[in-house]
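Okay, so here's the structure we're looking at.
The values are calculated or read from the model by the stated rules, or taken from the named source; none is laboratory data. Here the structure is a predicted model, which is why all the values come from computation and not from measurement. Virtual Cβ from ideal backbone geometry, glycine too; neighbours counted across all protein chains shown.
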Amino acid sequence: MFLRSVSLIGLVALGTVATGCRCPSGGCVPSTPCAPCSYELTVADAEPPELAELIAQRDADESLLQPLPQPGETYLALDAATCQCNAVANAYQANMVELERHWACVQIECDSGAVAENLLLFRDGFALRAHSIRNKAASTALESFYQLGGLEAQQRYLNLVLQETRQSLQRLESLEEEGVELPDDVNKADIQTRLQEIEDQQFQLHFARLTLNGQLQKQLGCPISEHQFYWPKIDWVAEPVPLDAEGEVLQGLETRADVRAVRLVLCHAKKKTLPVVRALLKTSDPTVGSVEPQEGLRHRVLCLRCNEHEIPVRCRQLALLYEEKRQLATGEIKSACYEIVLRHRRVLLAQGTVDLRQQHLNMLTKKRDAQDVAVFEISQARGKLYEAQSALVQRLVELKIAQMGLRRAKNVLPSECGFIPILCEEGCCDSECFCCQSGCQSSCEKDCVCD
């Protein structure tokens, strides 16, 4: 019976070798598309194309162009706090991480102590990761919010410049019809060109408004619609506030999710939690933490003493990563502080420009009757005033974004909306990385429950 079984197995093996594997997708690897490198020879054109004539020959009709969607009579009111907190709550990636955290809780409650110890660290890491994602979501939404608010304010000044330029062109055409000699410094072609430039800016502004509204709708978890527009309610007050960069850094190092995550794992690094340690190290570089002890009895016996060396290596890597995270956080927070100082100075300079333009316009208006100041000169001064006011709006937007950037660098935007990560393993340290300093005495009382 045994010989018969062996013969059958041998026949099956020979048949497989002779006929090949019964796998339809096996055999030769299919070829990939390949385009030939064959092109027609030519010479460079001697003269550039006359684009204006080419377009004119096609008799382009502007009425055939589809207009961009425009806002209606009503907008959706939106303030900064609502924008921030709705973006925090509706960050889909963070919500996915929270579900993963919940699944870790389920496993913690039903598995062994060693598995639970690893999953508790993973669970706390998920909480910090979700917090970091919400912080980024809030900052992205607030940046779109302030940009849209600035754009709506600039739209008003751009309309005033457009109206002033059109009036100047109408006055010029009226004087030409009356046969009045024009001033030497007034050129009709220049005014017409300026008018087209302003109209081009308006088209770009309309498109930017459409894009920013769409971004905000996505970031706030609302349906995408090109017919419903937000109206940002922004507090334009920009009072200079003294900043203590060192104090901001100290606060930020306690709230930064990336710093807290490395500190958390560093304080719980030991043989049982090596899977978590390796996973964290891989986030800094895919090659770090990739070498693991091999499975199997032979490997365990031969490398028993060698594997004990992994903890010191991982501890040193975690220490390097922790210091790197602290340095990066320090640099980002200080840079955010100094950017606020820069933006405040630019706001003051822009405000000074507006004051000078206003004074010049007032002077020309007073002299209009007494010294026969040309209306075109007054119109030009008024247009420059509107442009200076528009530039001031842009500087204020940059300041608001910079102020938000400091809160983003400190990772506090979700906390301001009540999303505070609750960590079970933070605040205690039983790591083997500190055996020489603490004698491996545990200071942890783990009475946390999954929520």
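Please find, among 89, 138, the residue that is out of contact with any Cys (no Cβ under 6 Å at 6 or more places or on another chain), over 26 Å from residue 272 (Cβ atoms), buried (at least 19 other Cβ atoms within 10 Å of the Cβ) and not charged (D, E, K, R). Answer to the check: 138.
Can you pull out every residue in segment 186-222 that is assigned to a loop (DSSP other than H, G, I, E, B) and at pLDDT 90 or above? Working first, answer last.
Within segment 186-222, the subset assigned to a loop (DSSP other than H, G, I, E, B) is 186-187, 220-222.
Listed by number, the residues that qualify are 220, 221, 222.
Looking across 280, 243, 216, 212, one residue alone is out of contact with any His (no Cβ under 9 Å at 6 or more places or on another chain) and closer than 30 Å to residue 313 by Cβ. It is 280. Can we say residue 164 is in a helix (DSSP H, G or I), closer than 30 Å to residue 92 by Cβ and touching a helix residue (DSSP H, G or I) at 6+ places or on another chain (Cβ under 6 Å)? It is false that residue 164 is in a helix (DSSP H, G or I), closer than 30 Å to residue 92 by Cβ and touching a helix residue (DSSP H, G or I) at 6+ places or on another chain (Cβ under 6 Å).
Which residue is nearest to residue 428 (Cα to Cα), if the candidates are limited to segment 262-272 and must be assigned to a helix (DSSP H, G or I) and in contact with an Asp or Glu (Cβ under 6 Å, 6 or more places away or on another chain)?
Within segment 262-272, the match that is nearest to residue 428 (Cα to Cα) is 264.
Scan segment 251-265 for residues that are among the acidic types (Asp, Glu) and either in contact (Cβ under 8 Å) with a residue 40 or more places away in the chain or in contact with a Phe, Trp or Tyr (Cβ under 7 Å, 6 or more places away or on another chain) (or both) and jot them down. It would help to see each step written out before you state the result.
Step one: filter segment 251-265 for residues among the acidic types (Asp, Glu), giving 254, 258.
258 - this is the single residue of segment 251-265 that is among the acidic types (Asp, Glu) and either in contact (Cβ under 8 Å) with a residue 40 or more places away in the chain or in contact with a Phe, Trp or Tyr (Cβ under 7 Å, 6 or more places away or on another chain) (or both).
I'd like to check something: does segment 284-303 contain any residue that is within 30 Å of residue 408 (Cβ to Cβ), modelled with pLDDT of 85 or more, of a type in the set (S, T, N, Q) and part of a helix (DSSP H, G or I)? No: segment 284-303 contains no residue that is within 30 Å of residue 408 (Cβ to Cβ), modelled with pLDDT of 85 or more, of a type in the set (S, T, N, Q) and part of a helix (DSSP H, G or I). Residue pairs whose Cβ atoms lie under 7 Å apart, sitting 6 or more positions apart in sequence or on different chains, and linking a residue in segment 78-95 that is in a loop (DSSP other than H, G, I, E, B) to a partner that is among the basic types (Lys, Arg), are 91/134. The one condition from (1) part of a helix (DSSP H, G or I); (2) within 26 Å of the chain's Cα centre (by Cα) that residue 367 does not meet is (2). When segment 375-423 is limited to residues that are aromatic (Phe, Trp, Tyr) and assigned to a helix (DSSP H, G or I), the one that is surrounded by the fewest Cβ atoms within 10 Å (Cβ to Cβ) turns out to be 376. Among 179, 149, 125, which is the only one that is of a type in the set (Gly, Ala, Ser) and modelled with pLDDT under 85? That would be 179, the only listed residue that is of a type in the set (Gly, Ala, Ser) and modelled with pLDDT under 85. Can you say whether residue 186 is loosely packed, with under 14 Cβ neighbours inside 10 Å and either of a type in the set (A, V, I, L, M) or in contact with a Leu (Cβ under 6 Å, 6 or more places away or on another chain) (or both), as far as the supplied structure shows? It is false that residue 186 is loosely packed, with under 14 Cβ neighbours inside 10 Å and either of a type in the set (A, V, I, L, M) or in contact with a Leu (Cβ under 6 Å, 6 or more places away or on another chain) (or both).
Screening residue 53 with (1) at pLDDT below 65; (2) out of contact with any Leu (no Cβ under 8 Å at 6 or more places or on another chain); (3) over 30 Å from residue 228 (Cα atoms) gives one miss only, at (1).
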